[in-house]
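Novice: I have a structure here, written as structure tokens, and I will follow up with some questions on it.
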Amino acid sequence: MNLKEQESINDYFKDDSKFIGEFQLPDYKVMRGYIGGYGDELRLYYTKFDPPHKKASLCIVHGFGEHQGRFLHIADIFAKLNFAVHLIDLRGFGYSGGPRGSQTLKELHMDIEVLLRQVSKDLPLFLYGHAMGGLLIISFLMRNPQLKISGIITTAPMLGFPMDRKLKGIKYIAVKYFGHYMEDLVINTKLNITGMSKDDLHIQRCFEDKLMMPLLGIGMAKSILETLNYMESKVQTFKYPIIILHGKQDAVSSYHESVRFYEKCGSRDKSIKLFENGYHELQHDFEFVEMKQIMIDWCQIRMQKADPFGILVQSRLNYGIPMGRNNNCKILVGLLFFLVYVLREILKILISNYSIDHNIQILQQKIMKNFRRNNNQSNRPFRNNRRPRSNFQRKFSRDDNDRNNDNQSDRRPFKRSFRFKKSGKFDSFRTGKRRFRKLSENKGENLENKLDKQLEQYKSGQQVVGNSASSKLDNALDAYFSRKGSNTKENNLDRELESYWKKNN
């Protein structure tokens, strides 16, 4: 069937009758159908553009959220240049089987192997990858450097993300350390469709395309992050010829990361072209005319000295990235950060529920409580201002006037009774010591007065009652006047006199 001049290849294959089968076009033949993949009864949707005089093969790998039908116009261009073009819908995308958006890059590497098995071993092989397709091709070849690939074309490869789309903080920790346990959880990637291209008609077709899927699984996001980290550490091992085409206005993939990869990769045959006003999908934008010519010229130059692809040996292929040791400490640290973040957010919510007035009221109550406590300690009542004692306490205690009255010799010696306070504690020892000290001082004064009287009687010649007492007094006085010059013995004499009068009076 001939194509009309105004009809594009994409519109031609929109017809449901051309979903599966062989279709002969003027320059080539198209074959569409399902091929077996790795998995439980998994089948992948496959398309082949087969020109009559094939010079090389080209495999096209689509990006995230799209399908092979968005690259049929590129297949048409290369098929007219005698390239056998092979396209596939990766598992979970387009018309292929598998859960939507919850694959790992290891599983997608297996789909690339299925695609490579469809090419001829006698023809040179070129690979084309857009966005995530570019990431898959580069990472797959890093893991399998023995493959004979003549050249790689990448448009807006997903080698990194702009600053506003990078995972940060708790989101990055959750995906990195817990993505394996939540791999089936699907989230919205929040892709801006209008930021894909400047062509309004193409934007309309994007919204009408029912096969475009913006959902991303947590397990797939974790796999992408791990692959990017692995590629950054192994970038110098990449030796294949490559050309990178990227727009500086790309809001999905960072062109800075493409420049960084171009500068660090170990390939001796590498090129990069940056389009000043290019968006994410250069193949559907106004820059496509220039981009198309760059790709054709680059492939034709390398096809002249290219080697055949050869036989693909499955036992020698590696998928995904090397698995590191299971470090449980990292998981625990990530869990700890996650719990701290959750608790911090909960505390913010709880604290915000209390008003400022309520907090001020609580603060005032604390201040008044401390003020009363300090005031009670500084203004403790004196002894004379204490509460009145009970009759029971008065009976067994002495007043201040009674302590100074020496005539009441019939009173009992001081006896202190325990007097209880309001708090239930008693103050007996300190007050009792004070009273006993004062009583002892008064008694000492009385003894001195009596001693003075006895000395006056002795000097005047009066007889002191008691011979034994007078003799003892004479001996004490003689000893006193004989030792008066000695300061050390003077104190001993005073103590002897005081003890003498205490015994006899």
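Novice: Arrange 252, 289 by Cβ neighbour counts within 10 Å, fewest through most, would you?
Specialist: Ranking 252, 289 by Cβ neighbours within 10 Å, fewest first, gives 289, 252.
Novice: Kindly put 263, 290 in sequence by how many other C-beta atoms sit within 10 Å of each C-beta, fewest to most.
Specialist: 263, 290
Novice: Something else about it: With 10 angstrom as the radius, rank 23, 275 by how many other C-beta atoms surround their C-beta, starting from the fewest.
Specialist: With the sparsest Cβ surroundings first, the list reads 23, 275.
Novice: For the stretch 191-215 and the stretch 61-86, what is the centre-to-centre distance using only Cα atoms, to the nearest Å?
Specialist: So the two Cα centres are separated by 18 Å.
Novice: Okay, moving on. Between rounded, prolate and oblate, where does the stretch 5-48 land on the alpha carbon gyration tensor, with a ≥ b ≥ c its root eigenvalues, rounded for a/c under 1.5, else prolate if a/b exceeds b/c?
Specialist: Since a/c reaches 1.5 and a/b is larger than b/c, the shape of the stretch 5-48 is classed as prolate.
Novice: Please list the non-local residues whose amide H lies under 5 Å from the amide H of residue 151, H modeled 1.01 Å from N, same-chain partners needing a gap of 5 or more.
Specialist: Counting only residues 5 or more places away or on other chains, the set is 127.
Novice: Which of the residue pairs 176/273; 234/305; 176/234 have a Cα-Cα distance greater than 25 Å in the structure shown?
Specialist: Where the Cα-Cα span goes over 25 Å, the pairs concerned are 176/273; 234/305.
Novice: Now, a different point. Out of residues 5 or more away from residue 183 or on other chains, whose amide H comes under 5 Å of its own, with H placed 1.01 Å from N in the peptide plane?
Specialist: Residues meeting the criterion, in which the H sits 1.01 Å from N, are 219.
Novice: A further question follows. Starting at the first residue of the stretch 268-277, write each ³J(HN,Hα) from the Karplus equation 6.51 cos²θ - 1.76 cosθ + 1.60 with θ = phi - 60°, in whole Hz, x for Gly and Pro.
Specialist: 8, 10, 9, 9, 9, 9, 9, 9, 4, 10
Novice: Then there is this: Tell me which residues come under 5 Å, amide H to amide H, from residue 43 once H is placed; ignore anything under 5 positions away on its chain.
Specialist: When sequence neighbours closer than 5 places are left aside, the close amide H contacts are 37, 97.
Novice: Would you mind checking 166/248; 121/148; 54/148; 166/210 for any pair whose Cα atoms are more than 22 angstrom apart?
Specialist: 166/210, as the Cα separations exceed 22 Å there.
Novice: Classify the stretch 9-312: rounded, prolate or oblate, from the alpha-carbon gyration tensor (a ≥ b ≥ c, eigenvalue square roots; a/c under 1.5 rounded; otherwise prolate if a/b is larger than b/c)?
Specialist: rounded
Read-outs: derived from the displayed coordinates by stated rules, not from any lab. Remember, predicted model here, so these are calculated numbers, not experimental data. Neighbour counts run over all protein chains shown; Cβ positions are idealised from the backbone, glycine included.
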